[in-house]
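Enquirer: Can you keep this structure in mind? I'll have questions shortly.
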Ligand code: FES
């Protein structure tokens with residue numbers, strides 16, 4: 001079924017940020033990204049970030065083009081990239097960055113070029 005952009009737009013709820021988690025096997029051979037992705041939903045729910053104006057969308061992807069040092073997580077609209085994300089770091093990202101708006105600077109390895 002094909003929907004027009006206008007009809008698709010009506011299906012979208014507003015959101016503040018988008019988080020992509022790599023679940024591929026090159027950056028994290030033990031596929032830790034899969035665990036992080038499922039934990040992300042729990043953490044977003046706990047911090048009240050699944051609904052409302054501060055809503056955070058999440059997505060899993062098979063590759064983010066880095067392929068080492070993962071799991072890799074990227075947050076938009078800031079375009080902030082995190083590497084070697086553990087469950088502990090993911091919790092900091094959710095609380096400090098997604099909830100409180102303060103980037104976890106010590107874990108950032110790349111940023112989107114200023115527009
Ligand atoms: S497999 Fe994770 S960045 Fe490529």
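The values are calculated or read from the model by the stated rules, or taken from the named source; none is laboratory data. Just so you know, these numbers come straight off a predicted model, no measurement behind them. Cβ placement follows ideal geometry from the backbone for every residue including glycine, while neighbour counts extend to all protein chains displayed.
Enquirer: I'm trying to understand the selection: among the residues of region 20-62, which are near the ligand (Cβ under 9 Å from one of its atoms) and either more than 13 Å from the chain's Cα centre (by Cα) or at pLDDT below 95 (or both)?
Expert: Passing the criteria: 24, 25, 26, 27, 28, 62.
Enquirer: How do the pairs read when you match residues in region 47-65 that are within 18 Å of residue 32 (Cβ to Cβ) with residues anywhere that are exposed (fewer than 12 other Cβ atoms within 10 Å of the Cβ), using Cβ under 6 Å and keeping only pairs 6 or more apart or on different chains?
Expert: none
Enquirer: Could you list all residues from region 96-115 that are in contact (Cβ under 8 Å) with a residue 40 or more places away in the chain and either within 12 Å of residue 33 (Cα to Cα) or touching a helix residue (DSSP H, G or I) at 6+ places or on another chain (Cβ under 8 Å) (or both)?
Expert: Once the filter is applied, which keeps residues that are in contact (Cβ under 8 Å) with a residue 40 or more places away in the chain and either within 12 Å of residue 33 (Cα to Cα) or touching a helix residue (DSSP H, G or I) at 6+ places or on another chain (Cβ under 8 Å) (or both), region 96-115 yields only 98.
Enquirer: Any residue in region 68-88 that's more than 11 Å from residue 22 (Cα to Cα) and at pLDDT 95 or above: show its pairings with residues that are near the ligand (Cβ under 9 Å from one of its atoms) and in a helix (DSSP H, G or I) at Cβ separation under 6 Å, as long as the two are six or more apart or on different chains.
Expert: Cβ pairs passing all conditions: none.
Enquirer: Every residue in region 84-102 that is crowded, with 18+ Cβ neighbours inside 10 Å and within 16 Å of the ligand (Cβ to nearest atom), please.
Expert: 85, 89, 90
Enquirer: Just to be sure, is residue 80 within 12 Å of the ligand (Cβ to nearest atom) and closer than 20 Å to residue 107 by Cα? Quick ask: steps written out before the conclusion?
Expert: On the way: within 12 Å of the ligand (Cβ to nearest atom): no; closer than 20 Å to residue 107 by Cα: yes.
Answer is no for this residue.
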